[in-house]
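Colleague: Okay, here's the structure, questions in a sec.
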Amino acid sequence: MSLLAESEHDLQDLVDHLHAASSRLGLKVSNSKTEVQCIGKDERKMNIKLTTKELKQSDNFVYFGGVISADSSCDKDVARRIDIASGEVRNLDDIWK
């Protein structure tokens, strides 16, 4: 799941609402599996908390197979897709020979 917001304050509100809604349903949002990312030209440290613990801020993460970079470039995504395709082609060597 992704939560998108235009400001740090708005993102904190979304995280708080997600935590409250999931708690009502008996679900728990994992602190260790939840990360935040600020996408744009400015590198900015965000202080988003889930309950009392600050969430880890990541530079890159894979979402639906694509790499999302904080600097909004596609270089890492393209490199990852080329690596995956190269690996699959190598796996076909025995079939093609």
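Any read-out appearing in this document is the output of simple, stated calculations on the displayed coordinates, not a laboratory observation. From a predicted model like this one, the values you see are computed outputs, not experimental measurements. Backbone-built Cβ (ideal geometry, glycine too); neighbour counts: all protein chains shown.
Colleague: Can you tell me the order of 25-31, 48-54 when each peptide is scored by its average per-residue count of other Cβ atoms within 10 angstrom, highest first? Show your work: numbers first, answer last.
Modeller: Working: 25-31: 10.0, 48-54: 12.9.
Top to bottom by mean Cβ count within 10 Å: 48-54, 25-31.
Colleague: Related question: Figure the gain on full extension for HIS17 and ARG44 (residue separation times 0.36 nm, minus the Cα-Cα span) and round it to one decimal in nm. Can you show the working numbers first?
Modeller: Details: separation 27, 0.36 × 27 = 9.72 nm, distance 2.33 nm.
Length gained between HIS17 and ARG44: 7.4 nm.
Colleague: By average Cβ neighbour count within 10 Å, what is the ranking of 81-94, 8-21 from highest down?
Modeller: Values: 81-94: 9.6, 8-21: 14.1.
The peptides rank, most packed first, as 8-21, 81-94.
Colleague: Starting from the range 44-79, pick out the chymotrypsin sites (Phe, Trp or Tyr not before Pro) whose DSSP state is loop and whose Cβ has at most 10 other Cβ atoms within 10 Å.
Modeller: Answer by residue number: PHE64.
Colleague: Antiparallel as a % of all DSSP beta bridges within the range 8-96, to the nearest 5? Show your work: numbers first, answer last.
Modeller: Values: 6 of 8 bridges.
The answer is about 75 percent antiparallel.
Colleague: So if we plug the beta-carbon distance of ASP59 and HIS9 into 1/(1 + (r/R0)^6) with R0 = 30 Å, what FRET efficiency do we get, rounded to 0.05? Walk me through the intermediate numbers first.
Modeller: Details: r = 22 Å, r/R0 = 0.74.
For ASP59 and HIS9, the calculated efficiency is 0.85.
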